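See below for the structure under consideration.
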Amino acid sequence: MTEWLLSLAAWQQALVGTIFTWGMTALGAAMVFFFKNINRNVLNLMLGFASGVMIAASFWSLLDPAIAAAEENGSIPWLVVSIGFGLGGVFLYIADKLIPHMHFGPNKEREGLPSHLKRTILLVFSITLHNIPEGLAVGVAFGAASEAANPTVAVLAAISVSLGIGIQNFPEGAAVSIPLRQEGLSRTKSFVYGQASGIVEPIAAVIGALLVTSVQPILPYALSFAAGAMIYVVVEELIPEAQATTDSKHHFGVFGAMLGFIIMMILDVALG
């Protein structure tokens, strides 16, 4: 498997990696055929898990390599990483304000530019928004591997990013399709919309890989940009929604985040 991936161009590796993550989203979305409702504590656990994976990936898979890449380029590491990280957050903030969407939390307030789109479409757009940095993370990871001194080790590290994102995409797919079912959609439509939220990942991954391999000096900026975008999603959306419960059982989201962080850290350290 690794040898086959090494024979591909970076953008092709990124495409393969995100087809896997998209497939995991689809598998999770397929849970709507077995369950009509989702327990709030389970949803909080899922959202927390996704948060933990994204936080761990942001450091172990993105920021740490970005610092190393900046040092190799002779740049000031803390400055380069700070700029990229900040731009990633600003990018998601602007997208958050421009793209019409609606979060899955109890308030379900509309955000972005005014729109007459249906509630279900707005809910899907919400998840699609935070799939963009996930796709970018995979793309720049494979792009970085093509420039590494030891491509095999670097590709394994990129694979760990794909695995981590894919693992958290499974419960995420269910966390999209099942609430859509509760909104009144059929099981089939809920599945279609749920898996469709992951389509943006392969697109973002290919763009990220092509940028990194075409303009090598932007690698540390791209890595930290993806990290900043993911942390923005975690702090602005996932954690608040995991804590948005009327009772005192906030610990499900916390335990989910701890578990997600541990699994992503193990994957990255073991494979990278």
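Given the condition under 28 Å from A9 (Cα atoms) and touching a residue at least 12 places away in the same chain (Cβ under 8 Å), answer yes or no: does some residue in the range 113-129 qualify?
Within the range 113-129, the subset under 28 Å from A9 (Cα atoms) is 128-129.
This time we only want the ones that are touching a residue at least 12 places away in the same chain (Cβ under 8 Å), so: 128-129.
Yes, the range 113-129 contains at least one residue that is under 28 Å from A9 (Cα atoms) and touching a residue at least 12 places away in the same chain (Cβ under 8 Å).
For the subset of the range 70-84 comprising residues that are hydrophobic (A, V, I, L, M, F, W, C) and in contact (Cβ under 8 Å) with a residue 12 or more places away in the chain, which member is most open to solvent (accessible area, probe 1.4 Å)? Lay out the reasoning, then the answer.
Start the filter on the range 70-84 by keeping residues that are hydrophobic (A, V, I, L, M, F, W, C), which leaves 70, 76, 78-81, 83.
Right, trim to in contact (Cβ under 8 Å) with a residue 12 or more places away in the chain and you get 70, 80-81, 83.
Values: A70: 0, V80: 7, V81: 18, I83: 73 Å².
In this case the residue turns out to be I83.
Of all residues in the range 1-27, which are more than 15 Å from the chain's Cα centre (by Cα) and not hydrophobic (A, V, I, L, M, F, W, C)? Hits for the range 1-27 are T2, E3, S7, Q12, Q13. Do you know which of the residues in the range 20-30 that are in contact with a helix residue (DSSP H, G or I) (Cβ under 6 Å, 6 or more places away or on another chain) and under 13 Å from S162 (Cβ atoms) is surrounded by the fewest Cβ atoms within 10 Å (Cβ to Cβ)? Taking the candidates together, the pick is F20.
Only one of the numbered conditions (1) of a type in the set (A, V, I, L, M); (2) outside any helix (DSSP H, G or I); (3) surrounded by 21 or more Cβ atoms within 10 Å (Cβ to Cβ) is violated by A149, and that is (3).
In the set L238, L223, L267, L259, which member is closer than 24 Å to G48 by Cβ, open to solvent by less than 10 Å² (accessible area, probe 1.4 Å), in contact (Cβ under 8 Å) with a residue 12 or more places away in the chain and of a type in the set (A, V, I, L, M)?
L238
When you go through (1) open to solvent by 10 Å² or more (accessible area, probe 1.4 Å); (2) touching a helix residue (DSSP H, G or I) at 6+ places or on another chain (Cβ under 6 Å); (3) of a type in the set (G, A, S) one by one for G164, which number turns out not to apply? Unmet condition: (1).
Just one of the numbered conditions (1) over 19 Å from the mean Cα position of the chain (by Cα); (2) open to solvent by 70 Å² or more (accessible area, probe 1.4 Å) is not true of D64: (1).
For the range 35-57, check the following and say yes or no: at least one residue is crowded, with 22+ Cβ neighbours inside 10 Å, at pLDDT 95 or above, under 19 Å from G228 (Cα atoms) and aromatic (F, W, Y). No - not one qualifying residue is present in the range 35-57.
The helices (runs of 4 or more DSSP H) falling completely within the range 1-117 that include 3 or more residues that are within 27 Å of L211 (Cβ to Cβ) and either of a type in the set (D, E) or touching a Gly at 6+ places or on another chain (Cβ under 8 Å) (or both) map to 10-29, 40-56, 64-72, 77-98. Residue count for the range 120-156 under the criterion of being over 18 Å from the mean Cα position of the chain (by Cα) and closer than 26 Å to E109 by Cα: the result is 3.
Of everything listed in (1) more than 20 Å from L47 (Cα to Cα); (2) in contact with a Lys or Arg (Cβ under 9 Å, 6 or more places away or on another chain), the single unmet condition for L87 is (2). The set of residues in the range 172-209 being open to solvent by less than 20 Å² (accessible area, probe 1.4 Å) and closer than 28 Å to L223 by Cβ consists of E172, G173, A175, V176, S197, G198, E201, P202, A204, A205, G208, A209. Filtering M31, M46 for residues that are of a type outside the set (D, E, K, R), within 21 Å of E183 (Cα to Cα) and over 18 Å from the mean Cα position of the chain (by Cα) leaves a single hit, M31.
Among all residues of the range 204-217, there is none that is within 24 Å of I263 (Cα to Cα), over 13 Å from the mean Cα position of the chain (by Cα), in contact (Cβ under 8 Å) with a residue 24 or more places away in the chain and assigned to a helix (DSSP H, G or I).
The values are calculated or read from the model by the stated rules, or taken from the named source; none is laboratory data. Every value quoted in this text rests on a predicted model; they were computed, and no experiment measured them. With ideal geometry, Cβ positions are generated from the backbone for all residues, glycine too; neighbour counts draw on all protein chains shown. Ligands, DNA and RNA are stripped out before the accessible areas are found, and what is left, the full protein with its side chains, is counted by its heavy atoms. Shrake-Rupley method; radii C 1.70, N 1.55, O 1.52, S 1.80 Å.
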